[in-house]
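Reading through the structure tokens given below for one structure.
Please treat every number below as a calculation from the coordinates, not as lab data. Quantities reported herein were computed from a predicted structural model and do not represent experimental measurements. Note: ideal-geometry Cβ built from the backbone for every residue, glycine included; neighbour counts use all protein chains shown.
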Number of protein chains: 2
Amino acid sequence: MSSNNIIQSSQNKKHNNHLPKINYKEFEKVIKSRRSIRFFTKEVIPKIVIKNSLNNALLAPNSSNLQVWEIYWVKNLNKKKKLIEACLSQPAASTAKELFVFVARPDNWKRNNKLMLDHIKKNNLNSKLFNYYSKITKIVYSQGFLNLFGYIKKILVIIIGLFRVIPREPTSFSDMKIWSQKSIALACQNFMLSMRAYGYDTCPMEGMDSLKVKKILNLPSRAQISMVIGAGRRDKKKGVTGDQIRFDNNLFIKIV
Amino acid sequence: MSSNNIIQSSQNKKHNNHLPKINYKEFEKVIKSRRSIRFFTKEVIPKIVIKNSLNNALLAPNSSNLQVWEIYWVKNLNKKKKLIEACLSQPAASTAKELFVFVARPDNWKRNNKLMLDHIKKNNLNSKLFNYYSKITKIVYSQGFLNLFGYIKKILVIIIGLFRVIPREPTSFSDMKIWSQKSIALACQNFMLSMRAYGYDTCPMEGMDSLKVKKILNLPSRAQISMVIGAGRRDKKKGVTGDQIRFDNNLFIKIV
């Protein structure tokens, strides 16, 4: 995502041509037929469908392109059994042909920032971009030992914010959690829609024991479980369990 | 999302038939041609495109279907001017034909829970569902005065968690922020992909002054700005500013 207008270069006309013509009706079918599926059949999901859906997930936009995300495809039977238990053994997990854990990794931002700098140097990208990842991100995402730098930023933001606009977050690890959880959620939605487009279905589960899930995946405590997503072929008899209930859109969509 | 396997009923066969045949190649075009666009043309977005994209946004899955989200379409010129400033006047905001603010409303869960109970009663839905929204959600999402109930839950969760699996969150308003931000992010991705499917483009912006944005929209302090999304027709010369940089997928996709 653009947290600054730095990612600008005029050399890239190639990216702006060749926009494909899209039959939007096919897309509408995807978005409208996606439902959270509670029961799956035993049908195997083709490997190519999983691979493409995972790759599509990582095409989601993400904050400062720092890609602080991870997806675990849990195939090991013992781990899978434990993961189903961690999902409270709900049928959306126990009947899922495959289980995926979507994880936010705010703790990985420094590693990825370095990868970005390496990429910029290697490809001789523009100096504004280099400046962004060598200076700006380090101020924005560092919180310092015991969050001390975060506190200093918070105070400065309040003072400077009296006189001009200024990005208010992140100034704590709590903010970093939200920051990274937003990006991985965008990837989750890409994944779920992709599965649907290929004829398969999903169920996102948040009601689970996140601590147990971290243990199963050997994740450090700073890693953040976003959701477990079960996937498979929709059980046509009981996969969907009712109307898609949405309250009046006027409650949520406001024109101001 | 299913935080429990309660939303089950066998009366709903109709939802499981009529799965449309989908040309996945059209979907792949959408997902692959979506980029964060930094410059838009002056072309007007047809109202039907905006309306459909907003409606599609709200078809995203969301936690316990509590729909703790809001989308502000900022049309008032004075508000729009201020919103562009709050987005640090970056071109993705200043050239956007339309600006939308995606907001998480964890503070609205009780209102929506009541709407859900009303809906269940009115439509005579099954008793498990009624039980979920009359008992379970009230335990899960209430944090109490000064978070006291949250603290009690946190201690109980630690103790019970020694013996069995148990959902660990939310036990604080901080958890509620993450909880609601995940759901609105899913909606954001639906919106951005929809715009693309209809031939238009978007740029999600998180680097903005969230406090100013709240003031512009008259939002209470507990409302959480997820992102501002600029939309319009992609400027073919400078809309996209470079390759879509993604590090090696093996860094992020793990098979365990």
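Treat the protein assembly as shown as a sphere of radius equal to its Kirkwood radius over Cα pairs and apply Stokes-Einstein at 37 °C in a medium of 0.692 mPa s; give the translational diffusion coefficient in µm²/s, rounded to a whole number.
142
Using only DSSP helix segments of four residues or longer, with each worth -39500 (n - 2.57), what per-residue ellipticity at 222 nm results for chain B after dividing by its residue count and rounding to 500?
Taking each H run of at least 4 residues, the total per residue is -12000 deg cm²/dmol.
Find the centroid of the Cα atoms in region B:218-251 and in region A:146-218, then give the distance between the two in whole Å.
That distance is 15 Å.
Mind checking B:109-116 for the average number of partner chain beta-carbons within 10 Å of each residue's beta-carbon?
Partner Cβ neighbours, averaged per residue: 1.
Taking the Cα-to-Cβ direction at A:L146 and at B:F163 and moving 7 Å from each Cα, how far apart do the two end points lie in nm?
In this crude label model, A:L146 to B:F163 measures out at 3.9 nm.
Which peptide among A:120-131, A:215-226 comes first, and what is the full order, when sorted by highest mean count of other Cβ atoms within 10 Å?
The most tightly packed comes first, giving A:215-226, A:120-131.
For B:K32, give me every one of the lysines with a C-alpha distance below 16 angstrom, ignoring sequence neighbours fewer than eight places off in its own chain.
Reachable lysines: A:K14, A:K21, A:K51.
Under the convention of a label 7 Å out along Cα→Cβ, give the distances in nm from B:I152 to the same position in every other copy, shortest first.
Here B:I152 shows inter-copy label distances of 4.3 nm.
Where a ≥ b ≥ c are the square roots of the eigenvalues of the C-alpha gyration tensor, would you call region A:83-159 rounded, which needs a/c under 1.5, or, failing that, prolate if a/b is larger than b/c, or oblate?
oblate
With the Cα gyration tensor of region A:198-254 giving a ≥ b ≥ c as the square roots of its eigenvalues, does the rule (a/c under 1.5 for rounded; else a/b larger than b/c for prolate; else oblate) give rounded, prolate or oblate?
oblate
Taking a threshold of 28 Å on the Cα-Cα distance, which of the pairs A:K110/B:K80; A:K182/A:K254; A:K212/B:K122 fall above it?
In this structure, A:K110/B:K80; A:K212/B:K122 exceed 28 Å between Cα atoms.
Within a 10 angstrom radius of each residue's Cβ in B:165-176, how many Cβ atoms of other chains show up on average? Whole number is fine.
4
Taking every residue in A:231-237, how many Cβ atoms of other protein chains lie within 10 Å of its Cβ, on average?
Mean inter-chain Cβ contacts per residue within 10 Å come to 2.
Cα atoms only: what Rg and Dmax, in Å, come out for chain B?
20.9, 61
List the pairs from A:K177/A:K236; A:K25/B:K82; A:K29/A:K97 whose alpha-carbon separation is above 26 Å, in the order I gave them.
With Cα atoms farther than 26 Å apart: A:K177/A:K236; A:K25/B:K82.
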